[in-house]
Amino acid sequence: MASSTSWWASRTRQFRAHLRASVTPGERAALVAWIAPAQLELFDTMHVADRRHGLDVVASLRAEGVTEPDLLIAGLLHDAGKGDTGVWPRVAYTLGSRYGDWIPRAASVMPGFRPSLARLRTHAETSAAMAAAVGCSPRTVELIRNQDAPLDPEFGELLRLADEAN
């Protein structure tokens, strides 16, 4: 487990990034060259913070020399299933992952939190199903499904590390 100071610094950075997230028209246009139209439609349905995060994960993977389309698409779409959960349920969910399930359980009594927390809890499976529905390869789907506990020792771990770094 990361030190408390580095964990909090990372989460504070993620919180700020979530609030400031944007995707430029040029960034979106560049996707046309390497993802299918249905995959681009899925990308467009994602919350802007998740689109920004996906692009950042892809940039990190490319900086590591990754050119494998299955992994890059997984990096782009791995959070598609989160939907518009809002920032505060995300905070509660993240705190719960660090300090215990009691936090999201307690937060679930707040209006709108219960469905958002459920989406966050199941987002990897939901994202994988969405990726399959838009024609992603079985390998991409499995990378997304197992993003938190990779089964693929090479690509799965690369995705997990890029996700954590962004």
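At a Förster radius of 22 Å, what calculated FRET efficiency corresponds to the Cβ-Cβ distance of Arg16 and Glu125, to the nearest 0.05?
Efficiency at R0 = 22 Å is approximately 0.20.
With springs only between Cα atoms under 10 Å, which of Thr94, Thr24, Thr67 fluctuates most in a Gaussian network model of the chain?
Thr24
Considering only the other residues whose Cβ falls under 13 Å of the Cβ of Val91, what net charge follows from Lys and Arg at +1 and Asp and Glu at -1?
+4
Only Cα pairs under 8 Å and at least 6 apart count here; give the relative contact order of region 1-98 as a rounded whole percent.
About 28 percent, as a whole number.
For the chain, set up a Gaussian network in which alpha carbons nearer than 10 Å are linked by springs, and say which option among Met130, Met110, Met46 fluctuates the most.
Met110
Excluding Arg139 itself, what net charge comes from residues whose Cβ is under 12 Å from its Cβ, given Lys and Arg +1 and Asp and Glu -1? Before the final figure, lay out each step's value.
Numbers: positive: Arg145; negative: Glu68, Asp70, Glu142, Asp152, Glu154.
Here the charged neighbours net out to -4.
For Trp102, what accessible surface area do you get with a 1.4 Å probe? Give it in Å², rounded to 10.
Result for Trp102: roughly 150 Å² accessible.
Using Cα pairs closer than 8 Å and at least 6 residues apart in sequence, work out the relative contact order for region 36-166, in percent.
31 percent
How big is the gap, in Å, between the Cα center of region 28-103 and the Cα center of region 1-20?
After rounding, the separation between the Cα centres reads 17 Å.
So what's the net charge close to Ala63: Lys and Arg +1, Asp and Glu -1, counting the other residues with Cβ under 15 Å from its Cβ? Numbers along the way, then the final one.
Values: positive: Arg62; negative: Asp56, Glu64, Glu68, Asp163, Glu164.
Here the charged neighbours net out to -4.
Using just the helices of the chain, give the 222 nm mean residue ellipticity in deg cm²/dmol: DSSP H runs with n ≥ 4 each add -39,500 (n - 2.57), and the total is spread over all residues, rounded to 500. Please list the in-between numbers first.
Values: 11 runs with 116 residues, N = 166.
Result for the chain, helices only: -21000 deg cm²/dmol.
How large a share of the accessible area of region 1-111, in percent, is made up of carbon and sulfur atoms when the probe is 1.4 Å and the other protein chains stay in place?
So the carbon and sulfur contribution to the accessible surface is 60 percent.
What whole-number value in Å² describes the accessible area per residue of the chain for a 1.4 Å probe? Walk me through the numbers before you get to the answer.
Values: 8710 Å² over 166 residues.
Here the per-residue accessible area is 52 Å².
Separation between the Tyr99 and Thr5 pseudo-spin-labels, each 7 Å from Cα along Cα→Cβ, expressed in nm?
That separation, rounded to one decimal, is 2.0 nm.
Can you give me the convex hull volume of the Cα atoms of region 57-166, divided per residue and expressed in Å³?
It is 96 Å³ per residue.
The values are calculated or read from the model by the stated rules, or taken from the named source; none is laboratory data. For clarity, every value in this text was computed on a predicted model and none was experimentally measured. All Cβ positions, even for glycine, are placed from backbone atoms using ideal geometry, and neighbour counts span all protein chains on display. For the accessible areas, the whole protein counts, side chains as well, though only heavy atoms, and no ligand, DNA or RNA atoms are used. Shrake-Rupley method; radii C 1.70, N 1.55, O 1.52, S 1.80 Å.
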